[in-house]
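Written below as structure tokens is the structure these notes are about.
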């Protein structure tokens with residue numbers, strides 16, 4: 001039986017491959033760190049709470065739940081995020097790190113009453 005050997009990469013390509021693997025390892029998410037999560041309830045055309053405090057310069061998850069009675073859309077023009085939820089539905093949005101400040105959001109279907117702010121501190 002003949003043994004087959006894999007071709008050896010030339011040294012420059014081998015170094016490039018090793019560098020690529022190192023970069024992938026450095027860019028991979030660290031599993032020990034949990035992404036902070038914040039809850040936002042939508043009920044009867046209102047957001048609860050109206051103001052969410054989040055840590056500045058930190059990626060986070062916003063958990064949305066619509067208790068109805070109708071559909072509602074979470075929308076933030078300045079954060080470029082939107083999500084429509086049917087009554088009884090839950091979903092989430094991932095936010096990249098925000099600079100310190102206040103960011104408005106509103107409900108597209110109840111713009112007069114469904115308003116709030118995300119405050120990054």
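Observations on the structure shown:
- Test: residue in the stretch 38-58 that is surrounded by 14 or more Cβ atoms within 10 Å (Cβ to Cβ), out of contact with any strand residue (DSSP E or B) (no Cβ under 7 Å at 6 or more places or on another chain) and not in a loop (DSSP other than H, G, I, E, B): yes
- Applying a threshold of 9 Å to beta carbon distances and a minimum spacing of six or more residues, or different chains, the list of pairs starting in the stretch 69-89 at a residue that is at positive phi and ending at one that is not in a loop (DSSP other than H, G, I, E, B) reads 88/65; 88/66.
- Check on residue 69, more than 16 Å from the chain's Cα centre (by Cα), in a loop (DSSP other than H, G, I, E, B), at pLDDT 60 or above and surrounded by 10 or more Cβ atoms within 10 Å (Cβ to Cβ): yes
- Among the residues of the stretch 72-82, those that are farther than 16 Å from residue 52 by Cα and surrounded by 16 or more Cβ atoms within 10 Å (Cβ to Cβ) comprise 72, 73.
- Any hit, the stretch 104-118, residues being closer than 24 Å to residue 34 by Cα and either part of a loop (DSSP other than H, G, I, E, B) or touching a helix residue (DSSP H, G or I) at 6+ places or on another chain (Cβ under 6 Å) (or both): no
The values are calculated or read from the model by the stated rules, or taken from the named source; none is laboratory data. Keep in mind that what you see is a predicted model, and the values were worked out from it rather than measured. Reconstructed Cβ throughout: ideal geometry from the backbone, glycine too, with neighbour counts over all protein chains shown.
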